[in-house]
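Shown next, in C-alpha cells, is the structure this report addresses.
We did not get these values from a lab; they are worked out from the coordinates using the rules stated. Here the structure is a predicted model, which is why all the values come from computation and not from measurement. We place every Cβ from the backbone using ideal geometry, glycine too, and count neighbours over all the protein chains shown.
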Amino acid sequence: MKSIIIYYSNSGTTKKLAERIQNVFGGDLVVVEPYGVYFHALKRVSEERKNQIIAAYTMPSVDLNEIDVVFVGFPLWYSEAPEFLMDCLKRYDFMGKKIIPFSTSGASHIKNSLKSLQSSVGDSEIICPLNQGLILKDNFDKWVDNVKGIMSVIATNK
C-alpha cells in the first residue's frame, strides 16, 4: 500500500499536520508552492476570488502510477481550499486512487471544501476527511484508526 501526501501550508500549521500524517502512514511529502507571499492570506485570497485569478504555483513532478492513497492537505480560507491547489490537482489522473483530505483552519470545517476537491480529483473516492481547526477539531488518533482500517481493506482487495 503506497501513499503520498500533497499539501500547501501558509503558516506552517498544515505542514506540521502533513509531517504528523507522514510519521504514521509514510509516503513522500510533496509541497505545492504559490508564487508570491500570502502574508496577508485572507486579503490576497479575497482579491484573487473577486477577480477570478488563480495564483501561479510550482510543484515537483509526481508519478502516481504506484500510489493507492493520496493525502491532500490545505488551509481553509473562507471555508474553501486554495484555488491554486485545486487547479494543481486537476493536472493529475487520480482514477482508482483514494483521496484523504486534511485541513487546518480557525473556525471553518473541511466539509465545505469537499465539493471543490471532488471536482479537482474527478471520479476518485474521497474518504475520511480530517479537520484540524482551532475551534472545530477532529480526534486525530480516532481518525488514524479509521484510515488504517480502510487502508487494510484496500490492501486486502488488491
Residue order, fewest to most beta carbons within 10 Å, for THR104, THR156: THR156, THR104
Simple label model, 7 Å out from Cα along Cβ direction - SER11 to SER152, nm: 3.6
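Can you compute the helix-only [θ] at 222 nm over the chain? Use -39500 (n - 2.57) per DSSP H run of at least 4 residues, normalise by all residues, nearest 500 deg cm²/dmol.
On the way: 5 runs with 56 residues, N = 158.
Mean residue ellipticity at 222 nm (helix-derived): -11000 deg cm²/dmol.
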Nearest-20 debye value, the chain charge dipole, Cβ charges on Lys, Arg, Asp, Glu: 340
